[in-house]
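Below you'll find the structure, written out as structure tokens, and then a few comments.
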Amino acid sequence: MPRTFVIAQGGGPTAVINQTLAGAVSEIERRYPDAKILGSRHGVRGIRDGDYVDFSDVPPERMRAIGKTPGAALGSTRDKPDAAYCDLVLKGLRKVDADTFIYIGGNDTAGTQQILSDAAAGSIAFVHAPKTIDNDLVENDHTPGFISAGEFVAGAFRSVDLDFRALPGIYVGIVMGRHAGFLTAAAAAWRDDEDDGPHLLYAPERAFSVPRFIDDVKATMAKYKRCIVAVSEGVSTEDGRALVESLVPADKLERDAHGNIKLSGSDLSMAFERALAEGLPGKRARVDALGYMPRGYIGAINETDAREAFEAGVFAVDTADRGGGSVALQYDGGKTVMRLVPLSSVAGKTRHMPDGFMLPDTNQLSKEGMAYLNRLIPIKYEIGRPFV
């Protein structure tokens with residue numbers, strides 16, 4: 001019988017997640033010309049509900065265009081299957097005679113694949129193809145989606161630093177990142193002089209204190225007459241709780257299907273605005289949440305990121321005959337290579353920014369951290385030194 005592949009996308013969309021979809025579809029068509037390829041709409045929910053796109057009806061030119069388009073073309077979901085849901089998904093896969101299920105997503109998606117793989121007991125190959133702007137998948141040097149999002153963040157903070165040189169004040173940009181600070185650190189990727197912003201970085205890997213934050217801003221203002229701050233939305237207080245938890249009553253906190261607290265919204269921005277107004281009264285200050293913009297901005301689709309995302313889809317198909325697993329992007333001998341690792345090595349785990357990426361007792365990147373970011377997000381523009 002001809003093979004049947006099911007492909008889905010999970011978690012937050014990115015600028016290049018559709019390249020992974022396009023890579024998988026093209027490789028299946030090349031290697032298995034008689035195979036049936038079904039795209040599940042909205043992740044595992046589509047498998048449960050029997051809601052598919054038949055890629056035999058999609059012409060190659062449309063797939064190429066889809067690959068270059070941000071967002072998740074199949075639709076996404078944050079559903080996390082429990083035992084009953086998992087049973088329905090497996091029944092859905094068996095109903096279409098699926099041999100392989102490729103799920104493109106982050107660590108929660110890898111967790112879903114692990115649950116399904118354990119339940120299927122080898123009857124279907126489950127492959128996790130990596131995707132996340134948070135760059136927080138273990139076993140990976142970097143993940144598809146991170147470079148493009150990082151380039152957006154680097155450009156945004158370089159630009160706002162030039163803005164605040166002209167009209168000095170305080171700027172706080174809140175960047176996505178629940179447990180890992182890689183994307184917030186990317187704000188500093190295009191610094192090329194000591195007084196360039198961002199001057200302060202706050203990542204989830206280090207405890208956050210509002211009084212210490214105010215002291216840091218005061219010291220920076222005294223030195224540079226302006227202060228550019230990049231802060232992860234997932235920063236935590238000394239007790240290990242996300243900062244937003246200390247601002248919102250427990251019964252008002254929103255959570256997704258995976259139990260993750262909703263970090264976005266106005267509460268965090270308002271907290272920083274209030275802290276600055278009280279700690280530095282009269283100072284010109286602005287707080288912005290970059291929100292979803294970095295993760296799927298069409299103007300910052302990095303060519304390397306797009307190519308690697310496509311190759312991850314191709315490699316995901318290659319792994320199907322090996323029983324599945326998680327595709328990992330690793331750095332070897334000056335180049336990125338694809339390797340297959342067990343789902344259990346990735347599922348439910350978080351890769352944090354290494355301690356050595358930030359200088360001890362400061363809020364700035366070390367040479368090691370800058371070298372890592374500059375390798376992935378090299379400076380893209382020539383910038384003239386201002387006169388002020």
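Here, each number is a calculation from the coordinates, and none is a lab measurement. Quantities reported herein were computed from a predicted structural model and do not represent experimental measurements. As a convention, Cβ positions derive from the backbone with ideal geometry for all residues, glycine included, and neighbour counts pool all protein chains shown.
What the table shows:
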read-out	value
Relative contact order of the chain, defined on C-alpha pairs under 8 angstrom at six or more residues apart (%)	23 percent
Local net charge near residue 116, Cβ-Cβ under 15 Å (Lys/Arg +1, Asp/Glu -1)	0
Considering only the chain, percent of DSSP beta bridges that pair antiparallel, nearest 5	30 percent
Dipole of the chain, positive end: most advanced residue of 63, 282, 117 [Cβ charges, Cα centre]	282
5 angstrom amide H check on residue 141, placed H, neighbours 5+ away	329, 330, 331
Relative contact order (%) - criterion: Cα under 8 Å, at least six apart; region: the stretch 156-242	41 percent
Stokes-Einstein D (µm²/s) once Rh is taken as the Kirkwood radius of the chain over alpha-carbon pairs, at 20 °C in 1.002 mPa s	99 µm²/s
Sparse-neighbour loop sites [GluC sites (Glu not before Pro); the stretch 299-388; at most 12 other C-beta within 10 Å; DSSP]	382
Computed [θ] at 222 nm, deg cm²/dmol, the chain (DSSP H ≥ 4; -39,500 (n - 2.57); rounded to nearest 500)	-11000 deg cm²/dmol
Debye intensity ratio I(q)/I(0), log10, the stretch 64-144, q values 0.21 Å⁻¹ (C-alpha model)	-1.06
Vicinal HN-Hα couplings computed from phi for the stretch 123-138 (Karplus, 6.51 cos²θ - 1.76 cosθ + 1.60; Hz; Gly/Pro x)	6, 9, 8, 10, 10, 9, 9, x, 6, 4, 6, 6, 6, 10, 8, 5
Per-residue ³J(HN,Hα) for the stretch 156-165, Karplus 6.51 cos²θ - 1.76 cosθ + 1.60, θ = phi - 60°, Hz, x for Gly and Pro	5, 6, 5, 5, 5, 5, 5, 4, 7, 5
Rg [Å, one decimal], Dmax [Å, integer] - the stretch 304-388, C-alpha atoms	17.8, 61
In sequence order, calculated HN-Hα J values of the stretch 109-121 (Karplus, 6.51, -1.76, 1.60; Hz; x Gly/Pro)	5, 4, x, 4, 4, 5, 4, 5, 4, 4, 6, 7, 6
Rounded, prolate or oblate (a/c below 1.5 giving rounded, otherwise prolate when a/b exceeds b/c) for the stretch 85-210 by Cα gyration tensor	prolate
Environment charge of residue 180, counting only residues whose C-beta is closer than 9 Å and scoring Lys/Arg +1, Asp/Glu -1	-1
Total formal charge among the other residues, if their Cβ is under 13 angstrom from that of residue 16, Lys/Arg +1 and Asp/Glu -1	-1
Candidates 203, 72, 242, ranked by Gaussian network fluctuation over the chain, Cα under 10 Å, top entry	242
Whether the stretch 143-187 is rounded, prolate or oblate, judged on the alpha carbon gyration tensor where a/c under 1.5 counts as rounded	oblate
Cα shape, the stretch 1-110, gyration tensor, a/c 1.5 rule	oblate
Amide H contacts of residue 285 (H built 1.01 Å from N, under 5 Å, at least 5 apart or other chain)	170
Estimated FRET transfer efficiency (residue 379, residue 238; beta-carbon r; R0 41 Å; 0.05)	0.70
